[in-house]
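The values are calculated or read from the model by the stated rules, or taken from the named source; none is laboratory data. Since the model is a prediction, treat every value here as computed from it, not as a measurement. All Cβ positions, glycine included, derive from the backbone under ideal geometry; neighbour counts span all protein chains shown.
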Amino acid sequence: MNRRAFLLSAAALSASACGGGQTAESIVATTAGQVRGAQEAGVHVFKGVPYAAPPQGVYRYLPPRPVPPWSGVRDASALGPTPPQPPTPPPLDFFAPAIPGADYLNLNIWTPEPGSARLPVLVWIFGGGFDTGSNGLYDGRAFARDGVVFVAINYRLGAEGFLFLDDGVANVALLDQIAALEWVRDNIAAFGGDPGNVTVFGQSAGAMAVGTLLAMPSAQGLFRRAILESGAGNLCYSTHTAHEIGQRLAAKLAVPPIREAVAEAGVERVLAAQSAVMSDLARQPDPQRWGGEPGCRVNMWRPTLDGATLPAKPIDAITAGAGAGVDLLLGHNSEEGRLSLVPFRDLGSVTEAELTTAMHLYRLPVDRALPAYRTAYPAADPGALLAILQADWFYTIPGLRLADARAGGSAPTYLYEFAWRSTQFGGQLGACHFLEVPFVFDRLHDQRMQWITGPNPPQQLADLMHNTWVRFARTGLTHWPRYEPTRRTTMRLDLHPTLVDDPYPVRNLWDEVDLY
């Protein structure tokens, strides 16, 4: 019996032993050993399953290694450890629940039935600026309920995932994600999934990662579809900038700029040094390098264009045909920047000078851009305009460029704009960053998500969005027309969804701006 047949047989036997889903546990055989999951709300759940060896010592800063096999049955009923990271400031600290431990290269799986007929697979890459977050926040039971195998992965963050020292190692975090996708390819059939029908999707930094994976040679063939929520693979470092940041980190640690020395400094010292470097960079704001403009945090860690793991800018690689056969759904929220502004200050406190400064930093022609934004959004004060401006820089315009780069390809591209406005903070939070996630996951009742949605968010919108994501994972289609540059058709998702053509009144202002 070959390995794949063994996995399917073992999974079927375990499902049978569980009485057709009536008992409280399930056992599935992976390539490294057996795992025991649990049943929650009628679906099978496996948590903390390792897809790579625990990164310890200098291996914290090196590419992932295979999972060591184990004997017996490994418990997979509780969340596994989370990647080391600095604390997230309140009130956003609910994004990153911390669980200590070395085995943090793990994934969680929700499935209708192990060993069942091949079902579509969704693989989730969380966001958090490439230095915070974990898979523990994301519950996939609604996807499993609706016939999809859902997988949420962890990956290395901060220096562990993105340290560049010009030593032949780069983009370790992205290599983690590829290792997780390879694990899915080799194991997901035993959990009821179809390894030939994998959709990788993510939000914010997770969407940036998905857009980058489209361009990475080693990721080709590992997924059939992709969904990018608020991100388009547009944040990448040159080797010069990435090396400068690596040197700054080593200097803060007072160690030679080599991986062994950084590893010997210890996790807590490295996290403290990261924060110190971020503070330094915040005094030198530069959106085209590390951010730090008004209302935005420094994005100190990004993928690096190292010429090997990531040979070219994702937009250039995609224009040249990379990922041309991958079905794509991408979009943004109308007022993304409000999440980084409203919880910390009143929008009315944003000054005209801050808005103008942000436009200068974004390299926009302020003499034309300021009146154009005011004309396009006549009711918006400087704070509201700053939130829209940030959305355009980070998400809207890069998404349009990515969609344009795929024009004429065989696989379709679909665009959406999430426009429903949260009632939180007196309505100031609006259609902010991350707000679409509880709708996509159909988790409006999750108290952690209600912090951002407010009470009584519309279930009918969650039904529409969740079912759209499920349909796309199953078929590669949505219920609206594919994107074409001549019309720029976009589905505006709100209480009353509306199909609109070219709803981007200021996009031409960005034509000469380098977003990469």
Inset, instruction - Quickly run through the stretch 108-131 and pick out the residues that are of a type in the set (A, V, I, L, M) and either free of Cβ contacts under 8 Å to residues at least 60 places away in the same chain or within 19 Å of GLY206 (Cα to Cα) (or both). - result: ILE109, VAL121, LEU122, VAL123, ILE125
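Here is a yes/no grid of residues against (1) outside the structural domain of ARG225 (by TED's automatic domain parsing); (2) in contact with a Gly (Cβ under 9 Å, 6 or more places away or on another chain); (3) farther than 23 Å from LEU461 by Cβ:
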| residue | (1), (2), (3) |
| --- | --- |
| GLU335 | yes, yes, no |
| VAL350 | yes, yes, yes |
| VAL366 | yes, no, yes |
| TYR416 | yes, yes, no |
Legend entry - Failed item, numbered, when SER279 is tested on (1) surrounded by fewer than 23 Cβ atoms within 10 Å (Cβ to Cβ); (2) at pLDDT 95 or above: (2)
Inset, instruction - Read through the list (1) in contact with an Asp or Glu (Cβ under 7 Å, 6 or more places away or on another chain); (2) within 27 Å of GLN56 (Cα to Cα), then give the number of the only condition that GLY192 fails. - result: (2)
Inset, instruction - Go through the stretch 325-364 and give me each residue that's within 19 Å of the chain's Cα centre (by Cα) and assigned to a loop (DSSP other than H, G, I, E, B). - result: VAL326, SER334, GLU335, GLU336, GLY337
Inset, instruction - Of the numbered conditions (1) in contact (Cβ under 8 Å) with a residue 24 or more places away in the chain; (2) over 24 Å from the mean Cα position of the chain (by Cα); (3) outside any loop (DSSP other than H, G, I, E, B), ALA251 fails exactly one; give the number of that condition. - result: (1)
Inset, instruction - Report, by residue number, each residue of the stretch 24-68 that is touching a Gly at 6+ places or on another chain (Cβ under 6 Å) and at negative phi. - result: SER26, HIS44, VAL45, PHE46
Inset, instruction - Within the stretch 255-279, count every residue that is touching a helix residue (DSSP H, G or I) at 6+ places or on another chain (Cβ under 7 Å) and charged (D, E, K, R). - result: 3
Inset, instruction - Please state which of the following conditions ALA207 fails to meet, knowing it meets all the rest: (1) more than 18 Å from GLY231 (Cβ to Cβ); (2) touching a strand residue (DSSP E or B) at 6+ places or on another chain (Cβ under 8 Å). - result: (1)
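Output the number of residues of the stretch 239-274 satisfying the condition of being of a type in the set (Gly, Ala, Ser) and either surrounded by fewer than 17 Cβ atoms within 10 Å (Cβ to Cβ) or touching a Cys at 6+ places or on another chain (Cβ under 6 Å) (or both).
Adding up the residues that qualify gives 5.
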Legend entry - Within the stretch 214-273, considering residues that are out of contact with any Asp or Glu (no Cβ under 7 Å at 6 or more places or on another chain) and polar (S, T, N, Q), the one modelled with the lowest pLDDT: ASN234
Inset, instruction - Answer yes or no: is there a residue in the stretch 54-63 that is at pLDDT 95 or above, surrounded by 23 or more Cβ atoms within 10 Å (Cβ to Cβ) and either assigned to a loop (DSSP other than H, G, I, E, B) or acidic (Asp, Glu) (or both). - result: yes
Legend entry - Selected residue (criterion: farthest from the chain's Cα centre (by Cα)) from residues of the stretch 64-83 that are surrounded by 21 or more Cβ atoms within 10 Å (Cβ to Cβ) and closer than 15 Å to ASP176 by Cα: VAL67
Inset, instruction - Kindly check whether there is at least one residue in the stretch 202-209 that is within 20 Å of PRO66 (Cα to Cα) and either crowded, with 24+ Cβ neighbours inside 10 Å or of a type outside the set (Phe, Trp, Tyr) (or both). - result: no
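Which one of these is closer than 20 Å to GLN203 by Cα and either surrounded by fewer than 23 Cβ atoms within 10 Å (Cβ to Cβ) or free of Cβ contacts under 8 Å to residues at least 12 places away in the same chain (or both): ASP404, ASP446?
Being closer than 20 Å to GLN203 by Cα and either surrounded by fewer than 23 Cβ atoms within 10 Å (Cβ to Cβ) or free of Cβ contacts under 8 Å to residues at least 12 places away in the same chain (or both) holds for just one of ASP404, ASP446, which is ASP446.
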Legend entry - One residue from GLU436, GLU512 being charged (D, E, K, R) and outside the structural domain of GLU335 (by TED's automatic domain parsing): GLU512
Legend entry - Matching residues, the stretch 462-516, being small (Gly, Ala, Ser) and in contact with a strand residue (DSSP E or B) (Cβ under 7 Å, 6 or more places away or on another chain): ALA473, GLY476
Legend entry - Residue within the stretch 365-386 that is in contact with a strand residue (DSSP E or B) (Cβ under 6 Å, 6 or more places away or on another chain) and outside any loop (DSSP other than H, G, I, E, B) present: no
Inset, instruction - Say whether the condition of being within 29 Å of ALA117 (Cβ to Cβ) and modelled with pLDDT of 95 or more is met by at least one residue in the stretch 442-451. - result: yes
Inset, instruction - Being touching a Leu at 6+ places or on another chain (Cβ under 6 Å), modelled with pLDDT of 95 or more, crowded, with 24+ Cβ neighbours inside 10 Å and of a type outside the set (Asp, Glu) narrows it down to one of VAL121, VAL149, VAL184, so name that one. - result: VAL149
Inset, instruction - Report, by residue number, each residue of the stretch 254-296 that is basic (Lys, Arg), free of Cβ contacts under 8 Å to residues at least 40 places away in the same chain and either under 24 Å from LEU62 (Cβ atoms) or not in a loop (DSSP other than H, G, I, E, B) (or both). - result: ARG269
Inset, instruction - Considering each residue of the stretch 482-493, count those that are of a type outside the set (Lys, Arg) and in contact with a Phe, Trp or Tyr (Cβ under 8 Å, 6 or more places away or on another chain), and give that number. - result: 5
